[in-house]
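Worksheet: one structure, shown below.
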Amino acid sequence: MNKKIIIFISAILIIIILSFGFKGFFNNTPLVSQNIIVADKIEVVHFHGMQQCWSCITMGEYALETIKNKFPEEYQSGKIVFKDINGELPENKEMVIKYQARGSSLFINAISNNKDSIEEDTAVWQLVNNQEKFTDYFENKLKTLLGI
């Protein structure tokens, strides 16, 4: 009799665990809600040093070109801002600290309700050899942040 009770309780526990584990599967709702914050303003910041390699220069050029060509209105209005920052210059120390930049890097700050949401974009380095792929990726990233 003890064996039947243990099997029965085990079966109930398995059903309960599985029902919670597959909650999103059965009712088509995600298990984790994804809050996508739409930015009021976007700062794209390209950090570099005094000496830049081809990849560093190209990454900055592609980012700015994508912004100017794909988001001309947002760029003109200041909704998207591009900053090219030499992190080795003393006058840029505050920016380097704010973004926690190290070496050559590209950061995106999606500002919403006057709150910074700073993220380094490392994926761009894998795309620097292909301008079309870089542009597509970066355009989509900015569109997502703008909610368009």
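The values are calculated or read from the model by the stated rules, or taken from the named source; none is laboratory data. Please read these numbers as outputs of a predicted model, since none were measured by experiment. Cβ sites come from the backbone with ideal geometry, for glycine too, and all protein chains shown count toward neighbours.
Being of a type outside the set (Asp, Glu) and surrounded by 13 or more Cβ atoms within 10 Å (Cβ to Cβ) is the filter here; which residues of segment 64-79 pass it?
Looking only at segment 64-79, we keep the residues that are of a type outside the set (Asp, Glu), and these are 64, 66-72, 75-79.
Result: LEU64, THR66, ILE67, LYS68, LYS70, PHE71, TYR75, LYS79.
Out of the residues in segment 115-143 that are assigned to a loop (DSSP other than H, G, I, E, B) and out of contact with any helix residue (DSSP H, G or I) (no Cβ under 6 Å at 6 or more places or on another chain), state the one that is surrounded by the fewest Cβ atoms within 10 Å (Cβ to Cβ). Reasoning before the result, please.
Within segment 115-143, the subset assigned to a loop (DSSP other than H, G, I, E, B) is 116-117, 121-123, 128-130.
From what's left, out of contact with any helix residue (DSSP H, G or I) (no Cβ under 6 Å at 6 or more places or on another chain): 116-117, 121-123, 129-130.
On the way: ASP116: 12, SER117: 13, ASP121: 16, THR122: 9, ALA123: 12, ASN129: 11, ASN130: 12.
Selected residue: THR122.
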Show the residue pairs that are 6+ apart or on different chains and have beta-carbon atoms under 6 Å apart, the first residue being within segment 121-145 and over 23 Å from GLY103 (Cα atoms), the second being among the small types (Gly, Ala, Ser).
-> LEU145/ALA39; LEU145/ALA110
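Any residue at all in segment 80-89 that's surrounded by fewer than 13 Cβ atoms within 10 Å (Cβ to Cβ) and under 16 Å from ALA39 (Cβ atoms)? Steps first, please.
Applying the first criterion (surrounded by fewer than 13 Cβ atoms within 10 Å (Cβ to Cβ)) to segment 80-89 yields 89.
Filter again for under 16 Å from ALA39 (Cβ atoms), leaving none.
Looking for residues that are surrounded by fewer than 13 Cβ atoms within 10 Å (Cβ to Cβ) and under 16 Å from ALA39 (Cβ atoms), one finds none in segment 80-89, hence no.
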Pairs only if they're at least six apart or on different chains, beta carbon under 6 angstrom, first in segment 80-109 and in the same structural domain as GLY49 (by TED's automatic domain parsing) and farther than 20 Å from CYS56 by Cβ, second assigned to a loop (DSSP other than H, G, I, E, B) and of a type outside the set (Gly, Ala, Ser); list them, first residue then second.
-> ILE80/PHE71
